[in-house]
Amino acid sequence: NPAMLQHLLQQQLVDYVAMDWKAPPDKLLQICQHKSATGVYECLELLQERNIPFELRCTIHSALLNEDDLQ
């Protein structure tokens, strides 16, 4: 939710963010029932602009993701 993250950053309420990366864009709809990864990319841009430490996490399900997907 980029709008919420933006608000939290403006209020200086965030010093670290962890986000779950569910799938590469071409598999996002299949895995998450979500059409776009735009929100994730927007959040990453906000974090990089403000130099906020963050991590991306991914749970790997071998029937849904492969090694190429992680690259």
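The values are calculated or read from the model by the stated rules, or taken from the named source; none is laboratory data. Because the structure is predicted, anything quoted here is derived from the model rather than measured. Cβ: placed from backbone, ideal geometry, glycine included. Neighbour counts: every protein chain shown. In case anyone asks, the SASA skips ligands and DNA or RNA and just uses the protein heavy atoms, side chains included. Shrake-Rupley method; radii C 1.70, N 1.55, O 1.52, S 1.80 Å.
Against the list (1) part of a loop (DSSP other than H, G, I, E, B); (2) free of Cβ contacts under 8 Å to residues at least 24 places away in the same chain, the condition residue 45 fails is (1).
When the test is whether a residue is of a type in the set (A, V, I, L, M, F, W, C) and touching a strand residue (DSSP E or B) at 6+ places or on another chain (Cβ under 9 Å), residue 31 does not pass it.
For the range 15-42, taking the residues that are under 15 Å from residue 64 (Cβ atoms) and assigned to a loop (DSSP other than H, G, I, E, B), the one that is modelled with the lowest pLDDT is identified as 34.
Note on the range 17-64: residues that are open to solvent by 100 Å² or more (accessible area, probe 1.4 Å), charged (D, E, K, R) and more than 21 Å from residue 3 (Cβ to Cβ) amount to 2.
Listed by first and then second residue, the pairs linking a residue in the range 1-30 that is within 16 Å of residue 42 (Cα to Cα) to a residue that is open to solvent by 100 Å² or more (accessible area, probe 1.4 Å) and in a helix (DSSP H, G or I), with Cβ atoms under 7 Å apart and 6 or more places separating them unless they lie on different chains, are 9/50. Every listed requirement among (1) in a helix (DSSP H, G or I); (2) open to solvent by 100 Å² or more (accessible area, probe 1.4 Å); (3) not basic (Lys, Arg) is met by residue 12 save one, (1). Under 6 Å between Cβ atoms, which residue pairs at least 6 apart in sequence (or on different chains) link something in the range 51-71 that is in contact (Cβ under 8 Å) with a residue 24 or more places away in the chain with a partner that is in a helix (DSSP H, G or I)? These pairs meet every condition: 54/47; 64/31.
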